[in-house]
Amino acid sequence: MTPTATPTRREQILKEAARLFAERGFHGVGVDEIGAAVGISGPGLYRHFAGKDAMLAELLVGISEQLLEGGRQRTEAADRTAPEAVLDSLIAGHIDFALDDRPLITLHDRELDRLRDADRKRVRRLQRQYVELWVEAVRRLYPEFDEPAARATVHAVFGLLNSTPHLGRPGALPGRAGMSELLHRLARGAFAAGAGAPARG
């Protein structure tokens, strides 16, 4: 869906389900409440989803797929002869996710274990592939990193960027452009500091 496209009913349901699950927890939200949030009866949701479990799975698998595909597209679009451009593009894409999809970050932290084994394993597999995109980009820009150190630093940067749901009320923070710039500087600083650390083995 493009940013200007009208959301489909299914997309509206998923957006409200993510918001409600993040606010109250998966078991604290009923189908009727999700339906009311989008203006349809609770039973009407079953024309779109088999139930809450299916909504949660689509949310968490879906965002993992989007991050991986977006990362691949950004990597391909950036100048592969300029490693800095590749890493900067990956950081920018993840910051967009962190600022625009905060409920999904909260859902992942709290509710991932509620997925069926097959869906949870799929999420983990997609996440590992996404991490590897970053590890490759980091090691091309900072050859000082060995692979374990690069991977550990990538995870640390994800922790930093994904902390946005816990940073306080939006009004107490810089505007979106200011937050994006701040997070980008912090992420690049973390990679640079990690690459310059003396204890590399």
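Values computed for the structure shown
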quantity: Criterion: open to solvent by less than 40 Å² (accessible area, probe 1.4 Å), outside any helix (DSSP H, G or I) and farther than 24 Å from Leu186 by Cα - qualifying residue of Ile34, Ile13, Ile40; calculated: Ile40
quantity: Tabulated pairs, region 87-107, first at negative phi and in contact (Cβ under 8 Å) with a residue 40 or more places away in the chain, second outside any helix (DSSP H, G or I) and surrounded by fewer than 20 Cβ atoms within 10 Å (Cβ to Cβ), C-beta under 8 angstrom, 6+ apart or interchain; calculated: Asp88/Ala78; Ala98/Asn162; Ile105/Asn162
quantity: Test: residue in region 44-62 that is under 30 Å from Pro143 (Cα atoms) and buried (at least 17 other Cβ atoms within 10 Å of the Cβ); calculated: no
quantity: Only one of Ala36, Ala18 that is within 24 Å of His166 (Cα to Cα) and not assigned by the TED database to the domain that holds Arg128; calculated: Ala18
quantity: Qualifying residue in region 68-82 (condition: over 30 Å from Gly175 (Cβ atoms) and among the β-branched types (Val, Ile, Thr)); calculated: yes
quantity: Residue under evaluation Arg80, criteria (1) open to solvent by 10 Å² or more (accessible area, probe 1.4 Å); (2) at pLDDT 90 or above, criterion not met; calculated: (2)
quantity: Region 21-31, residues that are within 22 Å of Asp96 (Cα to Cα) and crowded, with 19+ Cβ neighbours inside 10 Å; calculated: Phe21, Ala22
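Table: residues versus (1) among the aliphatic types (A, V, I, L, M); (2) in contact with a helix residue (DSSP H, G or I) (Cβ under 6 Å, 6 or more places away or on another chain); (3) on the phi > 0 side of the Ramachandran plot.
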residue: Thr6; (1), (2), (3): no, no, no
residue: Glu23; (1), (2), (3): no, no, no
residue: Phe26; (1), (2), (3): no, yes, no
residue: Arg47; (1), (2), (3): no, no, no
residue: Val61; (1), (2), (3): yes, yes, no
residue: Glu76; (1), (2), (3): no, no, no
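The values are calculated or read from the model by the stated rules, or taken from the named source; none is laboratory data. All values derive from a computational prediction rather than experimental measurement. Neighbour counts are summed over all protein chains in view; Cβ atoms, including those assigned to glycine, are modelled from backbone coordinates with ideal geometry. The area values use the complete protein model at the heavy-atom level, side chains included, leaving out ligands, DNA and RNA. Shrake-Rupley method; radii C 1.70, N 1.55, O 1.52, S 1.80 Å.
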